[in-house]
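S.K.: Take this structure, written in structure tokens, and hold onto it; I'll ask about it next.
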Amino acid sequence: MQAPLVVARGRTLPEAWERSLAELARVGERVFTEYGEWSLDAPAVIVVEEPFAEPRVHLKGIVAGSLRGLEEYARQVVYGSCEGATELFFYTYHERLRHYPVPSFSPLTGRVAGLEGLDQVGAMVEKLLSAPHTRRAQAITWVPWRDLKTEHPPCLQRVWARVVGGRLRLHAHMRSNDALKAAFMNMYAFTELQRVVAEAVRVEPGPYVHFADSYHVYERDWKWFRKFVEQIESGEGRRYWRTTEEYRRMAGL
């Protein structure tokens, strides 16, 4: 049996996300989960050719309690501005990318004396400034001695960046990604990180590529998912696309 694979490409974030959902509906397979329910699942590769082209926001992709949640989530990922997230999930993406825990050693005993925070994004920027074509500019989130034992390990595993043709490309690699209720917000936030890195490297942002080992929709959401895919295929989904300015006005930002 041929393994399923979602391959979707779009000019904008809303377009690429919609196409990925339609493709998941077409090729996804039923896979049982550790949560005791089925999922529709496939690996995925999603390419956004112009991640900052408008319209940039898909209202259906904001699953955060309020419209403000999209911007708040993006700020948390990029700047670490969400109080209490570390206590709830034992990590935040910002913490892992900007303050990755590495051991410090006592000069007297040679033993581990504590943990220090490593700014991986800062190191990525330095590497890209010295060698824009490098294949080594990446930041990881997985901390084995923590994450192998927790019920809430990070879904994002790493980000990778490279300058090609004077524009910064960013790749984000997910081990697990709820296609319907998380993927759009993830992609929006990670492209905001792409913007920050591009500005630091003094180039324009280029394409964004989103990889997911498990791109899935839970059984509890299948009815909603099927209805949304029907809207996507008919073109009706486009009425939920908004420019950044329109979104911010709607959200009162």
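S.K.: Would the range 131-200 count as rounded, prolate or oblate if I go by the C-alpha gyration tensor, calling it rounded below 1.5 in a/c and otherwise prolate when a/b exceeds b/c, oblate otherwise?
M.R.: Values: a/c = 2.89, a/b = 1.56, b/c = 1.86.
Verdict is oblate for the range 131-200.
S.K.: Continuing with the same structure: By its C-alpha gyration tensor, with a ≥ b ≥ c as the square roots of the eigenvalues, how is the range 132-253 shaped: rounded for a/c under 1.5, else prolate for a/b larger than b/c, else oblate?
M.R.: Numbers: a/c = 2.04, a/b = 1.19, b/c = 1.71.
Taking the square roots of the gyration eigenvalues as a ≥ b ≥ c, the range 132-253 is oblate.
S.K.: Restricting to the range 109-253, compute how many DSSP beta bridges are antiparallel as a %, nearest 5. The partial results should precede the final answer.
M.R.: On the way: 11 of 20 bridges.
Just about 55 percent of them are antiparallel.
S.K.: Placing +1 on the Cβ of each Lys and Arg and -1 on the Cβ of each Asp and Glu in the chain, which of 241, 206, 166 has its Cα farthest towards the positive end of the resulting dipole?
M.R.: Value: 166.
S.K.: For a test of the definition: using alpha carbon positions, the gyration tensor, and the 1.5 limit on a/c, classify the range 197-253 as rounded, prolate or oblate. Before the final figure, lay out the partial values.
M.R.: Values: a/c = 2.40, a/b = 1.43, b/c = 1.68.
Verdict is oblate for the range 197-253.
S.K.: Please give the per residue accessible area of the chain, computed with a probe of 1.4 Å over protein heavy atoms only, in Å². Mind showing how you got there, number by number?
M.R.: Values: 13170 Å² over 253 residues.
Ligands and nucleic acids excluded, the figure is 52 Å² per residue.
S.K.: Name the lysines eligible as straight-distance cross-link partners of residue 227: C-alpha to C-alpha under 16 Å, and not fewer than 8 places from it in the same chain.
M.R.: Within the straight-line limit of under 16 Å, residue 227 reaches these lysines: 60, 181.
S.K.: When the expected Rg is taken as 2.2 N^0.38 Å, what fraction or multiple of it is the alpha-carbon Rg of the chain? All intermediate terms of the calculation are to be shown ahead of the outcome.
M.R.: Working: Rg = 18.9 Å, N = 253, 2.2 N^0.38 = 18.0 Å.
Taking N as the residue count of the chain, the ratio is 1.05.
S.K.: Where the accessible area of the chain is counted over protein heavy atoms with a 1.4 Å probe, how much of it, in %, is carbon and sulfur?
M.R.: 52 percent
The values are calculated or read from the model by the stated rules, or taken from the named source; none is laboratory data. Predicted model, so just to flag it, every value in this text is computed and none were measured. Every residue, glycine as well, gets a Cβ built from its backbone with ideal geometry; the counts of neighbours run over all protein chains shown. Heavy atoms of the whole protein, side chains included, go into the accessibility calculation; ligands, DNA and RNA do not. Shrake-Rupley method; radii C 1.70, N 1.55, O 1.52, S 1.80 Å.
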